[in-house]
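Scroll down for the structure; my scribbles are underneath it.
The values are calculated or read from the model by the stated rules, or taken from the named source; none is laboratory data. Just so it is clear, the structure is predicted and the values come from calculations on it, not from any experiment. Cβ atoms come from the backbone with ideal geometry, glycine included; neighbour counts cover every protein chain shown. Each accessible area value is taken on the protein alone, full model and side chains, heavy atoms only, with ligands, DNA and RNA left out. Shrake-Rupley method; radii C 1.70, N 1.55, O 1.52, S 1.80 Å.
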Amino acid sequence: MSADISKDDPRPESEQAADILRQEILCGDIKPGAHVGSVRDLATRFKISGMTVQRALAILREDGLILTTSRGSYARDPQQAAEGSEADAGVDLPEVLRQLEHLTSQVSELRGRLEALESRSAPSA
């Protein structure tokens, strides 16, 4: 499916991109489990910035239509996404992910400090 971002459309480019991808997921052009595309590829495709693509992907994540992992963003089954959104009500997933990233960075920092302390206390040869 080929659709372009329109400068004449009053909606933000991120919403336009999200709508195009949403339609591709809902009509089956992007199958459940399929990679939606990298930020770079989508930015090139839509002729928009990477940050704008990230906002579009965030919209789709909030709608439950994609799942983002460290390896990229993947389409979810639209019917499961609709069912899952009811089950996830009340859970702020972006906030949970931010907290997880923060904890991960703290663990990395602590690991670095521990390795530095261990190297100082190791007997000299």
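Can you tell me the orientation of helix 93-121 relative to the chain, as the angle in degrees between its alpha-carbon axis and the longest Cα principal axis, to the nearest 10?
20 degrees
With each label point set 7 Å from Cα along the Cα-Cβ vector, what nm distance links Lys47 and Gln79?
3.9 nm
Keeping every protein chain present and rolling a 1.4 Å probe, give me the accessible area per residue for the chain in Å².
Spelled out: the 1.4 Å probe surface of the chain, per residue, equals 71 Å².
What does a probe at Val96 reach in the stretch 43-67, counting residues whose amide N is under 19 Å from the point 7 Å along Cα→Cβ?
Only 58-67 fall inside the zone, counting backbone N under 19 Å.
Which far-off residues, 5 or more places away or on another chain, put their amide H under 5 Å from the one on Ile66, with H placed in the peptide plane?
Long-range HN contacts for Ile66: Arg61, Arg76.
Tell me, rounded to the nearest percent, the portion of alpha carbon pairs in the stretch 1-83 spaced more than 18 Å apart. Intermediate values should be presented prior to the final figure.
On the way: 1147 of 3403 pairs.
Tail fraction, whole percent: 34.
How large, in percent, is the carbon and sulfur part of the accessible surface of the chain at a probe radius of 1.4 Å? Don't skip to the end; give the middle numbers.
Details: 4690 of 8820 Å².
Its accessible area is 53 percent carbon and sulfur atoms.
Of the candidates Arg22, Arg113, Arg76, which one comes out as most mobile in a Gaussian network treatment of the chain with C-alpha springs shorter than 10 Å?
Greatest mean-square fluctuation among the candidates belongs to Arg113.
Give me the distance in nm between label points sitting 7 Å out from Cα along the Cα-to-Cβ direction at Arg40 and Ser6, one decimal.
The answer from the label model is 3.2 nm.
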